[in-house]
Amino acid sequence: MTQQFFPVGNIPLFGAGYGIRTNFGIMLPPGGTVAAYVRSTGPQTGDDAAIIDRLVTTLDAGLRRCRSGLGDTVVVLPGHSESVVDATMLANAVAGTRIIGIGNGSAKPTFRWTAAGSQWALTVADVYVSGLKLRLEGTNGITKAILVTGANSTWVDNEFQVASGASNKATIAFEVGSGADGTTIAGNFWYGTATHNVTDGLKVVAAVDRFRLLNNHMDFSATAANGCVHFTAAATKVAVGGNFVQNDHTASTAAIAVDAVASTGMAWDNYTSTINNGTVTSQGITIGAGCLWRLFQSFSCDEPIKSGALNFAAAT
């Protein structure tokens, strides 16, 4: 069974240098500080002086207070709600910033994309994003909701809502582009309405190195052969493990798809579900010619109330 690295919300059990959230607050890495608290409704009764002194109402205002490369944190407080209206919200992010949302369920800090050109464009390195609800579905045909080109970003324990209806969905939900070496996407929940598909959910379009996709749960509708996760370039040292991925498209054949590119890496303990009732062992994870991944114990299922089959034949 796959080791679960993120069994408790917002507590990354590896990489303690990122800081650890506990019931008593956030333990900061040495040298870092809480640069800002973000709450769209402003001060509330009972806020202590430390919060009021650093409280802002937008994420952009919080990011402007961070120092580059020092691990400063922007804490997004419960109940925060903000619309992403263009591609500038992360324009003032600096390297090493940690954006950490506090709250669960309906109190989880929420950002909603509301225009076709709205985007989080992350261009700086070493940014850590956790504990947010990211609604990438506030209007129809959002071109590319999130674009990462900065190295070593980490996305942990977030919710990604990619579609909520025929007129509310992203075209591309999350794209990993040139420069985004070391991107880690772990322990997130991705979802959308079953019949309203995105073209691509998570798309890797550049030959990035050390891309990691670990312990995510994905359940939404994407283009049948593209899958919820789609590699279109020869990414190297890829690690794809412990994910549960269902493509709800009515004719889906892929949950994780790798095009005919010379990508290298490993995939293990992934559990995939497709809707098309075909040859189950060649669905779920689909691999194009020239791909060099090594595959271990990943299972595919394409029928209700059936147990999945090993996605690929064993090496001999």
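Listing for the model above:
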read-out	value
Reach of Lys108 by Cα under 16 Å, taken over aspartates and glutamates that are not fewer than 8 positions away in the same chain	Glu82, Asp157, Glu159
Difference of contour (0.36 nm per residue) and Cα-Cα distance, Thr236 to Ala61	59.4 nm
Estimated distance in nm for a label pair at Thr33 and Thr139, the labels positioned 7 Å out from Cα along Cα-to-Cβ	3.8
Theoretical FRET efficiency, 1/(1+(r/R0)^6), r = Cβ-Cβ of Asp48 and Trp268, R0 45 Å, to 0.05	0.45
Ranked packing of 300-310, 132-142, most packed first, by mean Cβ within 10 Å	132-142, 300-310
Listed residue pairs exceeding 18 Å between alpha carbons, taken from Lys133/Lys169; Lys144/Lys237; Lys203/Lys306; Lys144/Lys169	Lys144/Lys237; Lys203/Lys306
Rg over Rh [alpha-carbon atoms, Kirkwood Rh] for the range 111-260	0.93
Residue-averaged [θ]222 nm for the chain, counting only DSSP H segments that reach four residues, each worth -39500 (n - 2.57)	-500 deg cm²/dmol
Ala251 versus Ala225: modelled label distance in nm, points set 7 Å from Cα along the beta carbon direction	1.0
Point-charge dipole on Cβ atoms (K/R +1, D/E -1) for the range 135-293, about Cα centre, debye to 20	160
Placed amide H near Val124: partners under 5 Å, 5+ positions off or other chain	Gly150
Alpha-carbon spread of the chain, three principal axes, descending order, Å	64, 40, 34
Zone residues, the range 249-264, relative to Thr279, backbone N less than 15 Å from point 7 Å out along Cα-to-Cβ	253-254
Debye, to nearest 20: dipole size of the chain, +1 on Lys, Arg Cβ, -1 on Asp, Glu Cβ	300
Efficiency of FRET from Cβ geometry, Val85 and Glu303, R₀ 51 Å, rounded to 0.05	0.75
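Taken together, the values in this text are just the output of simple stated rules run on the coordinates, not laboratory data. Because the structure is predicted, anything quoted here is derived from the model rather than measured. Here the Cβ is made from the backbone with ideal geometry for all residues, glycine too, and neighbour counts use every protein chain on show.
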